[in-house]
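> Got a structure for you, questions after.
The values are calculated or read from the model by the stated rules, or taken from the named source; none is laboratory data. Everything numeric in this text was worked out from a predicted model, so none of it was measured. FYI the Cβ positions are ideal-geometry reconstructions off the backbone, even for glycines, and counts take in every protein chain you see.
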């Protein structure tokens, strides 16, 4: 018998085991997320609408599709993040509808309706059955380019005839205009067919705008030069669509036509393979398993939707994501800066989906110059930043005063809600709110490139507050602010107090990281140390927070009374016990678990202050049961802002880095097993852990930047074993474990008993 000797180098061996581990992880992730299928058993009824639809949604972060219609007439609505009407004027700027594709198969009338979305590979399967025949649609938008593929197949003996129509928006989609749409917002359109059987449409806003925009779509039936097709068993029909805009190509209409002309049917398998690979990589960025199918489905559905909506850095999704089905959506579908724009992105940082999170911040940088103008013109503060309530991409101001406001809403001016040309509703906090996700990005990544990019904005907001605050009797006071839209003249609104502290601390930490503006730090720190405290009141016999020191004391339809906790991050498990009790009392009294304006902050605020974890889980179930199959809340006209609610809440319950202390399972029911992998936390740490029968089994930390990690010992102050990726082993003990790390280092921590 011949013997063989294999010599394998250590790097090769490590690569082998790393590759094996990755393959194992991918299999586990695939099994976990593939279970989270989203089902629709009837056609959507709220489409086209000017608010959030109830339709199945697809997207690649640039183009979005909402799927509607009965079996015999399937309708795919198209929109793009970068297709807006762009004019800085109230009611004149909004994300627009591009068009729709209608697929008509008359013999499917009366068929059963079944649509299934597989979250793991982002492929939507539609099945329509009738009298022994079954027609299946397989649809996906390529994650790698702006292509959509629809494959239609038939099971059964019949031969079916069908046709397709690519249509521009009609009266149904443009019904929100108060006058003939072509008189208010002239649109240049084109539609037609090439000699090669490619059908196309385009829409463009070229007149009376600040920035011209154009988008185009085209489709082709592969191996066919008409819009008609025949379905036979075993012979599927494949439809390819291409999308583009003037921001992505010089001639977007010619681009989509050319792409389809060059498309070879043999490319489709590789297009699908690349699409699946992108989604596999996306899901491998982090995962959680909590043995609760309802919560897990909503968790992954929310992150699926955000991946569909958000990748275009200059054009993040507006209020309703990329599924715009009716023109002139509610609130102009813009970036609302007194929470709505920021909320969808809260959970993306901790879920380690940074690519989807970054677009939130970049339109704010494009608006800096206008923010500096308002700071000086409205408040006399040069170098500061003051933002209105609504903006759009590329520096557009969606709520700027115009003739419509002066002639029809003059009371807004008289009441002080409009100052100069800006709609502020009395709120000075919008620019500080804009710091929230910049701070999240900074503290969870310590990415130097983005820190340098964000710092001028954060510094500008800090400059505004440094000069706007009034120092009296040993404390800094906020005068003439508004806790709620229109509550003008409030003193020390609790939200502003929280956001000002967050802004100044972020400015200090960014300045230190970049080693610039050291001369500013003492003043900023002095403000933090001497900022007015919170105000309190009694409600239902309990001491709770008051919304302001003077002015509005309470509100029955929002969560502003706890937003200094979250997202401002000023109270946490390290806070004074009496303050934590007031916070929990406020959660108890408010009970805003299902709220049109703040569930996304209410749940994580409850976690941050250590509210009863069993109650949080119960309320999460109630919240999810109030959610449509596509992830949007029922009877709530708002859009994607609540896509963060479940992921962010669960991530915080499983792993918290607030206050510079890393905690695993800090607010988690001890009788519930759970595990998670590579959740991103403050300090640029990627953390994995597992709890079983109330016992934490291990903690694994990947340190990206080599920051010091302060870990709350989950093993009751007992001794732990720390193993570094270098092979070095250490023994630590105590309530808080201080761990020095190196950039790129992986650390495994287990209890000594193990």
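> Checking the conditions here, which among 213, 194, 238, 226 is surrounded by fewer than 21 Cβ atoms within 10 Å (Cβ to Cβ) and touching a strand residue (DSSP E or B) at 6+ places or on another chain (Cβ under 6 Å)?
Step by step, each of 213, 194, 238, 226 is checked, and only 238 is surrounded by fewer than 21 Cβ atoms within 10 Å (Cβ to Cβ) and touching a strand residue (DSSP E or B) at 6+ places or on another chain (Cβ under 6 Å).
> Quick one: residue 92 ticks every box in (1) more than 34 Å from the chain's Cα centre (by Cα); (2) assigned to a loop (DSSP other than H, G, I, E, B) bar one, so which box is it?
(1)
> Of all residues in the range 279-303, count the ones that are crowded, with 18+ Cβ neighbours inside 10 Å and within 29 Å of residue 222 (Cα to Cα).
Selection size over the range 279-303: 1.
> Right, next: So which of 355, 372, 327 is farther than 19 Å from residue 567 by Cβ and outside the structural domain of residue 463 (by TED's automatic domain parsing)?
On the way: 355 fails: outside the structural domain of residue 463 (by TED's automatic domain parsing); 372 fails: outside the structural domain of residue 463 (by TED's automatic domain parsing).
Exactly one residue qualifies, and that residue is 327.
> Can you find a residue that is crowded, with 20+ Cβ neighbours inside 10 Å and within 20 Å of the chain's Cα centre (by Cα) anywhere in the range 414-431? Give the steps one after another, and end with the answer.
Filtering the range 414-431 down to residues crowded, with 20+ Cβ neighbours inside 10 Å leaves 417-418, 421-431.
Applying the additional criterion that residues be within 20 Å of the chain's Cα centre (by Cα) yields 430-431.
Yes, there is a match, as at least one residue in the range 414-431 is crowded, with 20+ Cβ neighbours inside 10 Å and within 20 Å of the chain's Cα centre (by Cα).
> I'd like the full set of residues that are within 13 Å of residue 147 (Cα to Cα) and out of contact with any strand residue (DSSP E or B) (no Cβ under 8 Å at 6 or more places or on another chain), limited to the range 246-260. Even if it seems obvious, please write down each step before you answer.
Taking the range 246-260 and keeping what is within 13 Å of residue 147 (Cα to Cα), we get 255-260.
Correct list: 258 only.
This table checks each residue for (1) closer than 29 Å to residue 309 by Cβ; (2) out of contact with any helix residue (DSSP H, G or I) (no Cβ under 6 Å at 6 or more places or on another chain); (3) touching a residue at least 60 places away in the same chain (Cβ under 8 Å).
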residue	(1), (2), (3)
601	yes, yes, yes
614	no, yes, no
624	yes, no, yes
641	yes, no, yes
648	yes, no, yes
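> Out of (1) in a strand (DSSP E or B); (2) buried (at least 20 other Cβ atoms within 10 Å of the Cβ); (3) over 25 Å from the mean Cα position of the chain (by Cα), the odd one out for residue 97 is which?
The number of the failed condition is (3).
> Out of the helices (runs of 4 or more DSSP H) lying entirely within the range 360-461, which hold 3 or more residues that are in contact with a helix residue (DSSP H, G or I) (Cβ under 8 Å, 6 or more places away or on another chain)?
Values: elements: 362-366, 368-379, 403-408, 410-414, 430-433, 435-445.
Because the criterion is at least 3 residues that are in contact with a helix residue (DSSP H, G or I) (Cβ under 8 Å, 6 or more places away or on another chain), the helices (runs of 4 or more DSSP H) in the range 360-461 that meet it are 362-366, 368-379, 430-433, 435-445.
> A further question on this structure: Out of curiosity, is residue 462 in the same structural domain as residue 390 (by TED's automatic domain parsing), in contact (Cβ under 8 Å) with a residue 24 or more places away in the chain and more than 26 Å from residue 656 (Cα to Cα)? Can you show your working first?
Details: in the same structural domain as residue 390 (by TED's automatic domain parsing): yes; in contact (Cβ under 8 Å) with a residue 24 or more places away in the chain: yes; more than 26 Å from residue 656 (Cα to Cα): yes.
For residue 462, the condition - in the same structural domain as residue 390 (by TED's automatic domain parsing), in contact (Cβ under 8 Å) with a residue 24 or more places away in the chain and more than 26 Å from residue 656 (Cα to Cα) - is met.
> So if I check each of 499, 504, which one is within 19 Å of residue 424 (Cα to Cα) and assigned to a helix (DSSP H, G or I)? Break it down stepwise before answering.
On the way: 504 fails: within 19 Å of residue 424 (Cα to Cα).
None of the other options fit; the residue is 499.
> I want to confirm something. Restricting to the range 148-162 and keeping residues that are exposed (fewer than 14 other Cβ atoms within 10 Å of the Cβ) and not in a strand (DSSP E or B), which single residue is nearest to the chain's Cα centre (by Cα)? Outline the logic, then answer.
Of the range 148-162, the ones exposed (fewer than 14 other Cβ atoms within 10 Å of the Cβ) are 157, 159, 161.
Filter once more, so that each one left must be not in a strand (DSSP E or B): 157, 159.
Numbers: 157: 46, 159: 44 Å.
So, considering only residues that are exposed (fewer than 14 other Cβ atoms within 10 Å of the Cβ) and not in a strand (DSSP E or B), the one nearest to the chain's Cα centre (by Cα) is 159.
> Another question, then. Could you please find all residues in the range 536-579 being in contact with a strand residue (DSSP E or B) (Cβ under 6 Å, 6 or more places away or on another chain), assigned to a loop (DSSP other than H, G, I, E, B) and either over 26 Å from residue 340 (Cα atoms) or in the same structural domain as residue 712 (by TED's automatic domain parsing) (or both)?
none
Residues are listed down the side, and each one gets a yes or a no for (1) buried (at least 17 other Cβ atoms within 10 Å of the Cβ); (2) more than 30 Å from residue 93 (Cβ to Cβ):
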{"residue": "119", "(1), (2)": "yes, yes"}
{"residue": "126", "(1), (2)": "yes, yes"}
{"residue": "141", "(1), (2)": "yes, no"}
{"residue": "146", "(1), (2)": "yes, no"}
{"residue": "164", "(1), (2)": "yes, yes"}
{"residue": "186", "(1), (2)": "no, no"}
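> Show me the strands (runs of 3 or more DSSP E) found entirely inside the range 650-736 where at least 3 residues are within 31 Å of the chain's Cα centre (by Cα). Steps first, answer last, please.
Numbers: elements: 674-681, 685-692, 695-703, 709-712, 720-724, 729-732.
In the range 650-736, 674-681, 685-692, 695-703, 709-712 are the strands (runs of 3 or more DSSP E) which contain 3 or more residues that are within 31 Å of the chain's Cα centre (by Cα).
> Moving to a separate point now. Being in contact (Cβ under 8 Å) with a residue 40 or more places away in the chain and closer than 24 Å to residue 212 by Cα is the filter here; which residues of the range 406-422 pass it?
The answer is 422, and nothing else.
> Another question, then. Can you tell me which residues in the range 580-600 are over 16 Å from residue 494 (Cβ atoms) and either under 21 Å from the mean Cα position of the chain (by Cα) or in a loop (DSSP other than H, G, I, E, B) (or both)?
591, 593, 594, 595, 596, 599, 600
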